[in-house]
Every structure is written in structure tokens, then in C-alpha cells.
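Structure first, then comments.
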Amino acid sequence: VADVSVVHAWKGDAEGNLVYRKTARNFNPMMATAGKVTVAEVEELVGIGELDHDAIHTPGIFVNRILKGAVFEKRIERVTTRQKDAA
């Protein structure tokens, strides 16, 4: 059992219910339940009741602290081109 678990979620509400996207769904739900204290950073903080109940991956009972992150810039790919050699 970990003392603190820090997880990153796509959406969350004030009660601590969390929804993950893509590969975050692999380990974040397990890590959120493994810690004595769980801190969740969310990209989007929505109102209570706005999340679909069937889509919640981590219920709020496991989350002790929730915070909204500032800026999430996701630079995965960069288009790079080079000049063609003169023939």
C-alpha cells in the first residue's frame, strides 16, 4: 500500500469521480485505489452530476484531493520537412 497516489484524469467532478482517456485507463484506476491518500489532477473539472455514471472509472470514495491542472499542451507529433535537393 502506497502512502500517496498521484493520478492524472481527463475529467473529474468535485466529489472526486474520475474519467480517464486512452492509455491512462491502464494503470490509473488501480493506482488511485492503492494509496492511503490519492491526489487527482484533472484536465477538466465539471459540475457534480455531469459525468455519465456508467463512464466513471474511479469513484470519488477513493480520491482525497482533486485539483485542476493549468495548461495541458500535448505535443505528440511535429511535422518536419526538408528542402528537396536540386536535381
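What a 1.4 Å probe finds exposed on the chain is 52% carbon and sulfur by accessible area, rounded to a whole percent. Can you classify segment 2-68 as rounded, prolate or oblate using the Cα gyration tensor, where a ≥ b ≥ c are the square roots of its eigenvalues, rounded means a/c under 1.5, and otherwise it's prolate if a/b beats b/c and oblate if not? Judged from the Cα gyration tensor, segment 2-68 comes out prolate (a/c at least 1.5, a/b above b/c). For segment 2-68, the solvent-accessible area with a 1.4 angstrom probe is 61 square angstrom per residue. For segment 25-57, the residues whose amide N sits under 16 Å from a probe point set 7 Å from the Cα of residue 72 along the beta carbon direction are 25-29, 39-47, 51-52, 56-57. Length gained on full extension, residue 48 to residue 85: 7.5 nm, using 0.36 nm per residue less the C-alpha separation.
Of all DSSP bridge pairs formed entirely within segment 2-68, close to 20 percent run antiparallel.
Counting other C-beta atoms within 10 Å, and keeping those with at most 15, which DSSP coil trypsin sites (Lys or Arg not before Pro) do you find in segment 8-58? Here the trypsin sites (Lys or Arg not before Pro) that fit, given the DSSP loop and packing criteria, are 21, 22. Dipole magnitude for the chain: computed about the Cα centre from +1 point charges on Lys and Arg Cβ and -1 point charges on Asp and Glu Cβ, it is near 480 debye.
The values are calculated or read from the model by the stated rules, or taken from the named source; none is laboratory data. In this text the structure is predicted, and so the values were computed from the model without any measurement. Here the Cβ is made from the backbone with ideal geometry for all residues, glycine too, and neighbour counts use every protein chain on show. These area figures cover heavy atoms from the full protein model, side chains too; ligands, DNA and RNA do not enter into them. Shrake-Rupley method; radii C 1.70, N 1.55, O 1.52, S 1.80 Å.
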